[in-house]
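What follows is one structure encoded as C-alpha cells, with my remarks underneath.
Here, each number is a calculation from the coordinates, and none is a lab measurement. As the structure is a prediction and not an experimental result, all values here were calculated from the model. Note: ideal-geometry Cβ built from the backbone for every residue, glycine included; neighbour counts use all protein chains shown.
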Amino acid sequence: MRRSIGRQTMSLLDRLEIARVLREISMFLQLKGENPFKTRAYETGAARLEELTGERFEALVAEDRLTDLPGIGEALSKKVATLHATGRLELHDRLRAEFPPSVLELMRLQDLGPKRIALLHRELQVGSIDELAQACRDGRVRALKGFGAKTEAKILESIASLRRMGSRLPLGSARPAALGLLERLRRAPGVSRAELAGSVRRWRETAKDVDLVAAAADPAPVFDWLLDSPAIERVLGRGDTKCSVILREGLQIDVRVVPETSFATALHHFTGSKEHHVRLRRLAQEKGLKLSEWALERTSDGAGLPIPDEQTLYAALGLPYLAPELREGAGEIEAALAGRLPRLVEAEDLRGFVHVHSDWSDGKASILELARAVRERGGGYLTITDHSRAAFYAGGLSVERLREQWDEIARVQEQVPEVRLLRGSEVDILDDGRLDFPDEILERLDVVVASVHSRFKMDEEAMTRRLLAALDNPHLHILGHPTGRLIGKRPPYAVRIESVLDKAARLGVAVEVNGNPERLDLSAEHVRLARERGVKLALTTDAHSLGCLDHLSFSLATARRGWAAREEVLNALPPEGFLGALRAEA
C-alpha cells in the first residue's frame, strides 16, 4: 500500500531506510549463524542502495529493474519493493522478535563478532552492553569455550572505551542514520526544503544528537508523516514546531519546522557551534543588528532583513560565507575579517582515490570493480594499496603475491584506460621502524603508504622513535593513520605527533587524513598542526569495499575542519603531478 496525503502519493520507505533494514536483517542472520552467503547478500543489497541517488532508486523500483544492480537478485528485489511500498517485511519483524532490541549494540564493541555475540546471547542470555559487562565482572564469560580471562578483560576494556563516549555516536553511524530521516523529511507534505544541522552538519567526529531543520507552512502533517518511519524507536516529545525522536541506533534527532522566511537563520542557528554564534551575534550588534534563530533584524526598528540563504546572512554581517566545517569558534571569524581564511579544498578538487584495498588482501572488491567504480565517480587515478605480509590476519601479500598483483593491475589498466592505476602497498611499520618489504620491492611501487598495525601499547618514547625511523626510509611516501585510533573503540597510541609532523615536513613525506569514519586520522586538530609545518596531506578512503570509496567525503570534511587548502592536498593533483609530488622534499 501507499499513503496519500493531499495530492501526494508517497512510498513508506526510501532507499536509506530500506538499506538500514537490510543491514539489520544481515546482522540478525549472522547472530543466528546463517549461511555467510545469505547474510552477505543483504549487506551487498544495502550497499548498492546507498550508492544510488534517490531519483535512480525510485525509477528502478517503478520499472521493476532492481535486479539491474550488481548483487541484487530476484528474491532480494522483491523484499526491497515490499519495504518500499508497505514499510514492513515479515522476515525483519520475525527476527526482531527473536532478539532483545539492544543486542545489536554489542556489534559496536571491538573484536566481538556475530558468532561470539550469538554464543553470549545463547549461553548467558546477554542481550545488552550492561548485561555483558556484568557477565564479565561475574567471571561467567571466561568460562565459555573460545573466550578466557584475557578476552574477558579485553571486552571490559572495549566497553569502558565505548562508555567514555557516553551517549555519543561516531559520525560514521550518526550521519547515515540522520540522512535517512532527512530524506524522508524532504518528502513530507508541504516541505519546501530541509537540511541537516548541528554537529553532524559540521562533521564533528561524534554526535550526541542530530538536528534537522525543515521549511513548511504547517508542521503538523510533516510530523505525522515523519513519525511513521520504521527507523524511529520512540517519540520523546512533539510540540507545535519541534519533534524529538530516538532512532534504533539510540541516536536522538530533533526536528524543527519553521516558516520559509526563517529557514536560513534557523538552519544557521541550529548548525552551531555555540562559540561561533556568540562571536557572530556580537558582530551583528556592532552593526546595529540582532541575530536570532528566527531572523536578522535591525535593532533600531525591529525590521527583519530578507535572508534567503546563509550566504546572504554572512554577507549582511560583512563576512564571506563560512562553511559549516569551520564554525567552531576557533578564530575563523577573525581570520575571515582579516582576509586570512584559506580557500578550503573542495570535493571537485580531488582527482584521485588513494589507499584502497582490493580482494587480494582484506578488501571485498576486485581491482576491476574498483577501477570501474572510480571511473563512475569521475576519479582520474586509483592507488591499489593492499596489506603487506606482516598483516597476515588481513591476508597481507607476500613478495611473490605482490608481483602477481602487478600483472593483474596491468590487465585491468587495459580494460579501464580512463583511470590511471598505481601500484602500491600499505606496508606495516615494524616494531623497530623498518618497513615490511625490502627496499628493492618498495622502490618498484608507485605509492607506499606505511602504517602501524601492531604493538599499539608501546610507550611514547618507543612509539615516537618507531615512527621517526620509518620516515627515514626513502621509499615511504605517505604515513598512514598516524595515531592509530579507532573512535570509541581504541584510543590513539602514545606518540609525540609534533615531532613526527616536523620530520615529515622536513623529508617531504605526506601524512594521511584517513576517511574511514572510525579513524578520521589525522584529526582536524592535527591537520592544523600539519598545515602550520607545511606537511603535505593525502585525503584517503582506506576503502575495503566499493561503497567505502565514498569515505573520501569524511576525509575531505576532516581536512576542511582543519582549514586545509587545495594546494596542500596531494590528490588534488592530476596523476603525474601526484606522483611527482610524492617524497618531494619541502
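Neighbours of LEU109 by Cβ distance under 14 Å: Lys/Arg scored +1, Asp/Glu scored -1, total +1. Each label was represented as a point 7 Å from its Cα along the Cα-to-Cβ direction; for THR67 and ARG434 these points are 5.6 nm apart.
Suppose we take every Cα in the range 101-164 and form the convex hull; what volume per residue is that in Å³?
Cα-based convex hull of the range 101-164, divided per residue, equals 74 Å³.
Size descriptor for the range 169-258, Kirkwood hydrodynamic radius: 12.7 Å (Cα pairs only, one decimal). For the range 26-39, putting each phi into the Karplus relation 6.51 cos²θ - 1.76 cosθ + 1.60 with θ = phi - 60° gives couplings of 4, 5, 5, 5, 5, 5, 7, x, 5, 3, x, 5, 5, 5 Hz, in residue order, rounded to whole numbers and with x for Gly and Pro. Along each principal axis, taking the top coordinate minus the bottom one, the Cα set of the range 3-98 gives 46, 30, 19 Å in descending order. When you restrict to C-alpha pairs under 8 Å that are six or more residues apart and normalise by the size of the range 468-586, the relative contact order lands at 28 percent. With only the Cα atoms considered, the range 50-124 has a convex hull volume of 141 Å³ per residue. Radius of gyration (Cα atoms) of the range 436-484, expressed as a multiple of 2.2 N^0.38 Å: 1.18. A viscosity of 0.692 mPa s and a temperature of 37 °C, combined with the Kirkwood radius over C-alpha pairs in the Stokes-Einstein formula, give the range 473-521 a diffusion coefficient of 284 µm²/s.
Its DSSP H runs of at least 4 residues, each contributing -39,500 (n - 2.57), put the calculated 222 nm mean residue ellipticity of the chain at -12500 deg cm²/dmol, to the nearest 500. Here each label is just a point 7 Å from Cα along the line to Cβ, and for GLU55 and ILE246 those points are 3.9 nm apart.
For the range 513-577, the calculated P(r) over all alpha carbon pairs, in 10 Å bins from 0 to the bin holding the longest distance, is 25, 53, 22, 1 percent. Considering only LEU445, MET458, LEU91, the residue lying farthest towards the positive end of the dipole of the chain is LEU91, judged by Cα position with unit charges set on Cβ. The charge dipole of the range 347-581, taken about its Cα centre with unit charges on the Cβ atoms of Lys, Arg (+1), Asp and Glu (-1) only, comes to about 560 debye. For MET27, MET463, MET107, MET458, the sequence from fewest to most other C-beta atoms within 10 Å is MET107, MET458, MET27, MET463. Per the Debye formula with a single identical scatterer at each Cα and no solvent contribution, what log10 I(q)/I(0) holds for the range 87-217 at q = 0.15, 0.22 Å⁻¹? The Debye formula, applied to the Cα set alone, gives -0.85, -1.20. When the Kirkwood radius is taken over all Cα pairs of the range 208-325, what Stokes-Einstein diffusion coefficient follows at 10 °C and 1.306 mPa s, in µm²/s? Diffusion coefficient, whole number: 102 µm²/s. Using only side-chain charges placed at the Cβ, +1 for Lys and Arg and -1 for Asp and Glu, the dipole size of the chain relative to its Cα centre rounds to 1280 debye. Taking Cβ atoms as reference points and 12 Å as the exclusive limit, the residues near GLU532 contribute a net charge of -1, counting Lys and Arg as +1 and Asp and Glu as -1. Both radii are taken from the alpha-carbon atoms of the chain; with Rh as the Kirkwood radius, Rg/Rh is 0.97.
By the beta-carbon count within 10 Å of each Cβ, the least crowded to most crowded order of LYS536, LYS287, LYS154, fewest first, is LYS287, LYS154, LYS536.
Restricting the calculation to alpha carbons of the range 347-581 gives Rg and Dmax of 16.1, 48 angstrom. Straight-line cross-link partners of LYS290 among the lysines, defined as a Cα under 22 Å from its Cα and at least 8 positions apart when in the same chain: LYS274.
Normalised radius of gyration for the range 273-320, please: alpha carbon Rg relative to 2.2 N^0.38 Å, two decimal places.
1.04
Determine Rg/Rh for the range 331-403; Rg is computed over alpha-carbon atoms and Rh is the Kirkwood hydrodynamic estimate from the same atoms. Over the Cα atoms of the range 331-403, Rg/Rh equals 1.25. Residues HIS387, HIS544, arranged from fewest to most other Cβ atoms within 10 angstrom of their Cβ, appear as HIS544, HIS387. Note that the range 373-497 shows a convex hull volume over its alpha carbon atoms of 124 Å³ per residue.
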